[in-house]
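Comments concern the structure below.
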């Protein structure tokens, strides 16, 4: 006798409507600051301090601090985020079955009901910089369905995925004061599947803390910050280091007078000193080029950061390094690949954690759900596509009207008066039909029995040849025009 299927007991709606992370926890977690980073001389000591003071999760705060206070790194992250957030999103049904369409519409309604879902998407992208992003869901009923009405991103400092000395690949744990092994959220009557969303960027070997960009740009940022400290001290010297000499054996009052005179000379535009006081200015320290620091910052530190975040140097940097248009095109390709990767990360957590849980709560287990997707593909050039279609039609290739309407998003005309008629005298691929009229697909310049088509580019002086095109085979002409155009374009480039 077959066993009866038993489904996991779902938590009550009242339990899911509350918050596990209390305001008191948030208050206690907010005291720690990462301002100490630029004040430690030895970067290795800084790293050891970060890692051992409160464990690996404390390091996430330093990464967030980098984003807030380092202008170049923050701008690069914004570029990458906004590239994805500017894209449209859609929900694709499993099939055209009425039941599947009903579930798709329910998912669309759920995403629309979430407060400020655009901001929620942005919060999920924090995982790029910090390795992981963790959110808490507040559930409630709307339109007869139980759905997350609010998603709140929480500080990673409050969580862990194992004990302090354990592998960080286990169940989500809550650490109210940011220290210790924490308590599994399951012990707090809060199932991770229903109550939390965990977004991990590029987890390695099961480590749920992921691979944060902040860790990979740590050293370039550190070196730049330390260089800035040194440069500021250098600029504070003004005209140089002022030395006011006093006679050997002078009392404390004369020493103070000499020091006061040196400070006055360095800071003020005018000063008075005693007759016979020996004043000199050391300028040797300022004999070096002021470009040294800027070259170090731009050519090394910021270049390394750009390569890590965007995959290439920025557009202006690429051109400055002699890349020209090729560098810009390469950057676009790499950025497109980065955007696809970020879109995959967003689609994974929305589909596997948000939508899957919503369907389980409202429609039951083993129900195939629709797919949320970010439209990252560049939109097709419809103008170019229309020319290609017209040329193919001239060549006699049968073109599907239904496929063409779908490609250009044109609805089927309902009434005869809705149909746009062709303009008399126009060529199907653009231009005019010349003397041959609208019904003749051959342009006017080919109306002679034979036509010589020279293919010379005056700018470069290259010969592409001369072809005699016979009108007995009119389909050859469009192909030849396209061939010559491609060759001339290649020569120009």
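The values are calculated or read from the model by the stated rules, or taken from the named source; none is laboratory data. Everything numeric in this text was worked out from a predicted model, so none of it was measured. Because the Cβ atoms are built from the backbone with ideal geometry, glycine has one as well, and the counts that use them run over all protein chains shown.
Considering 339, 395, 361, the condition of being in the same structural domain as residue 117 (by TED's automatic domain parsing) and more than 27 Å from residue 102 (Cα to Cα) is satisfied by 339 alone.
Scanning the stretch 194-222 for residues that are at positive phi and in contact with a strand residue (DSSP E or B) (Cβ under 8 Å, 6 or more places away or on another chain) yields a single hit, 210.
Please enumerate the residues belonging to the stretch 182-193 that are part of a loop (DSSP other than H, G, I, E, B) and either under 17 Å from residue 342 (Cα atoms) or out of contact with any strand residue (DSSP E or B) (no Cβ under 7 Å at 6 or more places or on another chain) (or both). Those that are part of a loop (DSSP other than H, G, I, E, B) and either under 17 Å from residue 342 (Cα atoms) or out of contact with any strand residue (DSSP E or B) (no Cβ under 7 Å at 6 or more places or on another chain) (or both): 189, 190, 191. Of all residues in the stretch 383-417, those being surrounded by fewer than 13 Cβ atoms within 10 Å (Cβ to Cβ), over 38 Å from the mean Cα position of the chain (by Cα) and assigned to a helix (DSSP H, G or I) number 3.
Listed here are the residues, each with its yes/no results for (1) surrounded by 16 or more Cβ atoms within 10 Å (Cβ to Cβ); (2) without any contact (Cβ under 8 Å) to a residue 24 or more places away in the chain; (3) outside the structural domain of residue 60 (by TED's automatic domain parsing).
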| position | (1), (2), (3) |
| --- | --- |
| 182 | yes, yes, no |
| 191 | yes, no, no |
| 194 | yes, no, no |
| 225 | yes, no, yes |
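Of the candidates 258, 244, the single residue that is in a helix (DSSP H, G or I), surrounded by 19 or more Cβ atoms within 10 Å (Cβ to Cβ) and without any contact (Cβ under 8 Å) to a residue 60 or more places away in the chain is 258. Would a scan of the stretch 290-312 turn up a residue that is touching a helix residue (DSSP H, G or I) at 6+ places or on another chain (Cβ under 8 Å), modelled with pLDDT under 85, more than 23 Å from residue 230 (Cα to Cα) and part of a helix (DSSP H, G or I)? The answer is no; no qualifying residue exists. With respect to the conditions (1) touching a residue at least 12 places away in the same chain (Cβ under 8 Å); (2) under 19 Å from the mean Cα position of the chain (by Cα), residue 158 lacks only one, and its number is (2).
Here is a yes/no grid of residues against (1) in a helix (DSSP H, G or I); (2) outside the structural domain of residue 356 (by TED's automatic domain parsing); (3) modelled with pLDDT of 90 or more; (4) farther than 16 Å from residue 17 by Cα:
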site: 101; (1), (2), (3), (4): yes, no, yes, yes
site: 133; (1), (2), (3), (4): no, no, yes, yes
site: 151; (1), (2), (3), (4): no, no, yes, no
site: 164; (1), (2), (3), (4): no, no, no, yes
site: 169; (1), (2), (3), (4): no, no, no, yes
site: 176; (1), (2), (3), (4): no, no, no, yes
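Determine, yes or no, whether residue 346 is within 30 Å of residue 119 (Cβ to Cβ), surrounded by fewer than 11 Cβ atoms within 10 Å (Cβ to Cβ) and touching a residue at least 24 places away in the same chain (Cβ under 8 Å). Criteria not met by residue 346. Taken as a whole, the condition of being closer than 26 Å to residue 374 by Cβ and at pLDDT below 85 does not apply to residue 324.
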